[in-house]
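Here's the structure we're looking at; comments come further down.
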Amino acid sequence: MNPIAFVYLATVLFGIGAAAVLLRRNAIIAFMGVELMLNAANLALVAFSRIHGEIDGQVMAFFVMVVAAAEVVVGLAIIIALFRARQTISLDEPAELKG
Amino acid sequence: MFTAPDLSYMAFAPIIIVLLAGAIGVLVEAIVRDAATRRAAQLTLTLVATLGALIVAAVQWATTTEAGVVAQAGFFVMDKQALAWQCMLLVFAALGALLFAARTRAGEEAFTPLGSAAPGSPEEAEALRRKLEVTEVFPLLLFAVGGMMTFASTTDYLALFVALEVFSLPLYIMVALARRKRLLSEEGALKYFLLGAFSSAIYLFGVALLYGAAATTSYAGVLGAILASPGDLALFVPGAILVLVGILFKLGAVPFHTWSPDAYQAAPTPVTAFMAAATKAAAAAALVRIVFSSLYPLEWELSWMIWTVAIVTMVVGTVVALVQTDIKRMLAYSSVAHAGFILVAFAGFSPEALSAVPFYLLTYGLATIGAFAVITQVREKADDGTVGGEATRLGQWAGLGRRDPLLAGAMALFLLSFAGIPLTAGFIGKFQVFAAAIDGGGWPLVLVAVLASAAAAFFYVRLIVLMFLTDVPEDQQEAVEVDYHPYTRVVVWITVIATVFLGVMPVWALQAASDAGVLLTGL
């Protein structure tokens, strides 16, 4: 199978993830959109790595995974703190910040 | 095949000092139980680390006879440009640490006693009663600064991504730790986090595309690949655009600015002071290095984007700032407008920008830290005489010149520097940036920038008029109190002196900026 197909798939996944961040109002779903975008980039890195016939891109994917894991820790901590205070994680409900 | 990297540890020394001190800070958190001792230890550690790293960086600057050294080929350089940014970031960090440690007269600090307790919960009341303190903010500050210094010095797109996260993650947490208005603080942190994570994902996908096109992620490798394939830019152009979007997010340029007013308003004010100055400096540093050492052959494909974003940013930042009624929010939109002025320097990719941008960020950052430090000192006072949170409504600043002429005078100086009035540092900074743009053939952009500066002067001067020429309303005499803490006042006076000095005697700093106007390719 031609690895360029995975690059197209990665682009589609990236688009879906970006749409989830911009359109969904639930903080968790929006956050999942971000994770989908990061993993789309991973897929593209690995596919390009295969196309170039080297392993640099695959090593980069590991870096991205570690960073994404650290990001999940911080992100979920903030979301949980907010949920405890307000009993909702809708991004529409927060109305303290305006203008 | 993997090959062992050839590292020049001496060149990494400032970053190693800062990150190591951050790790020691975490250890101090675990060992020292008494809150007061821990706080003193953390503050000392942070100041020693930042000032020590500053000295090391300054020595490197003085002993480097040529442009600098390549610390690791294709990955990391310590040229004079990088050293200039690192010194600037370390100064901002030291000033920020002092603000972090400041308290009100009643001994109240700016951070919540327990970040995990819900606002208004019994746990929070218990934490307040036991006088717990979140001294983790100092190690978080050090980690953020370490990430920013790496951000300014790396020459690899993937390392830039890792550095981006290293400095962003501590900032997300610090934004959520305000002592008062905790719901607002957590909400601002969530917005900052989601948009920040979104932007870094966009940046990363751009990196993946550049890797696909160039088979390497070093700046020099991408540059070489662009030059080698002039006809086939199908992957380079979208990759470069996504990378720039990611950086412009951090810079706070319109339409990627939506996080900045929320995060600036919601964060504890000392964090806002540090974040506003240092994040913008780090983002500008990375933008300079990327544009001038990697993407400049794509000028024709990218300049439309930089021009559009610069114009929209200046106009939106200025116009929206005019209608703000909250002072932190007003300064946030003013910082958006400043992001536009920074982008003006990139018109035509003139090499003058290599000196103009660091100088501009220095003047902007000093005035920003000073202005937010003043904001921490103006407090609401309840009828029973207890001093509350910061008085951030513009109306509450009426007559501040009567209450504390020196403090109000300092604020007026910072506002004039933001506006770019002669004899303040901001004037020299704006002049440098506009000169760089004219050198690159961007005079229409400069025209818009001058008009935007003139319009922006209106809301800066409005606040000055409010402070000095408006009387305190009759029933408000006792509603506002000027607080005092030596650390905060030290920060205010350092930034005042620096702002005046850079405005009246800029020769020395301009010489340093022009020395910094060199980039090593990193190979």
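Only one entry of B:Leu227, B:Leu233, B:Leu209, B:Leu223 meets the criterion of being assigned to a helix (DSSP H, G or I), aliphatic (A, V, I, L, M) and either crowded, with 24+ Cβ neighbours inside 10 Å or in contact with an Asp or Glu (Cβ under 8 Å, 6 or more places away or on another chain) (or both), and that entry is B:Leu209.
In a residue-by-residue description of the stretch B:483-496, the property of being part of a loop (DSSP other than H, G, I, E, B), touching a helix residue (DSSP H, G or I) at 6+ places or on another chain (Cβ under 6 Å), in contact (Cβ under 8 Å) with a residue 40 or more places away in the chain and at negative phi applies to at least one position. Criterion applied to B:Ala197, B:Ala253, B:Ala214 was being within 30 Å of B:Ala332 (Cβ to Cβ) and modelled with pLDDT under 95, and the one residue passing it is B:Ala253. Scanning the stretch B:169-180 for residues that are at the interface with chain A (Cβ under 8 Å from one of its Cβ atoms) and touching a residue at least 60 places away in the same chain (Cβ under 8 Å) yields a total of 1.
Here B:Asp384 meets the list (1) assigned to a helix (DSSP H, G or I); (2) without any contact (Cβ under 8 Å) to a residue 24 or more places away in the chain almost entirely, failing just condition (1). Of the listed requirements (1) over 18 Å from the mean Cα position of the chain (by Cα); (2) in contact (Cβ under 8 Å) with a residue 24 or more places away in the chain; (3) surrounded by 24 or more Cβ atoms within 10 Å (Cβ to Cβ), B:Ala201 misses just one: (2). Could you tell me whether any residue of the stretch B:136-149 is surrounded by fewer than 20 Cβ atoms within 10 Å (Cβ to Cβ) and part of a helix (DSSP H, G or I)? No, the stretch B:136-149 has no match at all.
Is it the case that some residue within the stretch A:62-77 is farther than 14 Å from B:Ile202 by Cβ, within 7 Å of chain B (Cβ to nearest Cβ), modelled with pLDDT under 90 and surrounded by fewer than 16 Cβ atoms within 10 Å (Cβ to Cβ)? The answer is no, given that none of the residues of the stretch A:62-77 is farther than 14 Å from B:Ile202 by Cβ, within 7 Å of chain B (Cβ to nearest Cβ), modelled with pLDDT under 90 and surrounded by fewer than 16 Cβ atoms within 10 Å (Cβ to Cβ). Quickly run through the stretch B:355-373 and pick out the residues that are under 11 Å from the mean Cα position of the chain (by Cα) and of a type outside the set (A, V, I, L, M). Hits for the stretch B:355-373 are B:Tyr364, B:Gly365, B:Thr368. Taking the stated definitions as given, is B:Phe161 within 25 Å of B:Ala40 (Cα to Cα), surrounded by 24 or more Cβ atoms within 10 Å (Cβ to Cβ) and more than 15 Å from the chain's Cα centre (by Cα)? Against the criterion (within 25 Å of B:Ala40 (Cα to Cα), surrounded by 24 or more Cβ atoms within 10 Å (Cβ to Cβ) and more than 15 Å from the chain's Cα centre (by Cα)), B:Phe161 does not qualify.
Condition check ((1) exposed (fewer than 15 other Cβ atoms within 10 Å of the Cβ); (2) touching a Leu at 6+ places or on another chain (Cβ under 6 Å); (3) of a type in the set (S, T, N, Q)) across all residues:
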residue: B:Leu466; (1), (2), (3): no, no, no
residue: B:Thr495; (1), (2), (3): no, yes, yes
residue: B:Gly503; (1), (2), (3): no, yes, no
residue: B:Trp508; (1), (2), (3): yes, no, no
residue: B:Gln511; (1), (2), (3): yes, no, yes
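Identify, please: which residue in the stretch B:412-439 is surrounded by 21 or more Cβ atoms within 10 Å (Cβ to Cβ) and not hydrophobic (A, V, I, L, M, F, W, C) and is, among those, farthest from B:Thr499 (Cα to Cα)? Checked the stretch B:412-439; the qualifying residue farthest from B:Thr499 (Cα to Cα) is B:Gln432. Of all residues in the stretch B:195-213, exactly one satisfies the criterion of being at the interface with chain A (Cβ under 8 Å from one of its Cβ atoms) and under 13 Å from A:Leu91 (Cβ atoms), namely B:Phe198. Scanning the stretch B:214-229 for residues that are free of Cβ contacts under 8 Å to residues at least 60 places away in the same chain and away from every other protein chain (no Cβ under 11 Å) gives B:Gly224, B:Ala225, B:Ala228, B:Ser229.
Can you name every residue in the stretch B:40-62 that is surrounded by fewer than 19 Cβ atoms within 10 Å (Cβ to Cβ) and more than 18 Å from B:Met88 (Cα to Cα)? Matches in the stretch B:40-62: B:Ala40, B:Leu43, B:Thr44. Checked against the criterion of being more than 14 Å from every other protein chain (Cβ to nearest Cβ), in a loop (DSSP other than H, G, I, E, B) and touching a residue at least 12 places away in the same chain (Cβ under 8 Å), the candidates B:Pro358, B:Pro351 yield just one match: B:Pro351.
Of all residues in the stretch A:35-48, those satisfying the criterion of being more than 7 Å from chain B (Cβ to nearest Cβ) and either closer than 21 Å to A:Leu76 by Cβ or modelled with pLDDT under 95 (or both) are A:Glu35, A:Leu36, A:Asn39, A:Asn42.
The set of residues from the stretch B:325-349 being under 18 Å from the mean Cα position of the chain (by Cα) and among the polar types (S, T, N, Q) comprises B:Ser334, B:Ser335.
Taking B:Tyr192 as the residue in question, decide whether it is under 15 Å from the mean Cα position of the chain (by Cα), buried (at least 24 other Cβ atoms within 10 Å of the Cβ) and either over 30 Å from B:Gly68 (Cα atoms) or within 14 Å of another protein chain (Cβ to nearest Cβ) (or both). Yes; evaluated as a whole, the condition is true for this residue.
Out of the stretch B:239-276, which residues are away from chain A (no Cβ under 12 Å), in a helix (DSSP H, G or I) and more than 21 Å from B:Ile290 (Cα to Cα)? Those that are away from chain A (no Cβ under 12 Å), in a helix (DSSP H, G or I) and more than 21 Å from B:Ile290 (Cα to Cα): B:Thr269, B:Pro270, B:Val271, B:Thr272, B:Ala273, B:Phe274, B:Met275, B:Ala276. Scanning the stretch B:390-411 for residues that are within 24 Å of the chain's Cα centre (by Cα) and surrounded by fewer than 21 Cβ atoms within 10 Å (Cβ to Cβ) yields a total of 4. When B:Leu190, B:Leu171 are screened for being under 30 Å from B:Thr104 (Cβ atoms), in a helix (DSSP H, G or I) and modelled with pLDDT under 95, only B:Leu190 passes. Do we have B:Leu466 as over 24 Å from the mean Cα position of the chain (by Cα), in a helix (DSSP H, G or I) and more than 28 Å from B:Ile497 (Cα to Cα) here? No: the conditions fail for B:Leu466.
Of the residues making up the stretch B:122-131, not a single one is part of a helix (DSSP H, G or I), under 20 Å from B:Val166 (Cα atoms) and within 14 Å of chain A (Cβ to nearest Cβ). On the basis of being touching a residue at least 60 places away in the same chain (Cβ under 8 Å), of a type in the set (A, V, I, L, M, F, W, C) and assigned to a helix (DSSP H, G or I), does B:Phe431 make the cut? No.
Looking across the stretch B:93-144 at every residue that is among the polar types (S, T, N, Q) and more than 26 Å from the chain's Cα centre (by Cα), the one that is nearest to B:Thr46 (Cα to Cα) is identified as B:Ser116.
The values are calculated or read from the model by the stated rules, or taken from the named source; none is laboratory data. This one's a predicted model, so the numbers in the text were calculated from it and none came from an experiment. We place every Cβ from the backbone using ideal geometry, glycine too, and count neighbours over all the protein chains shown.
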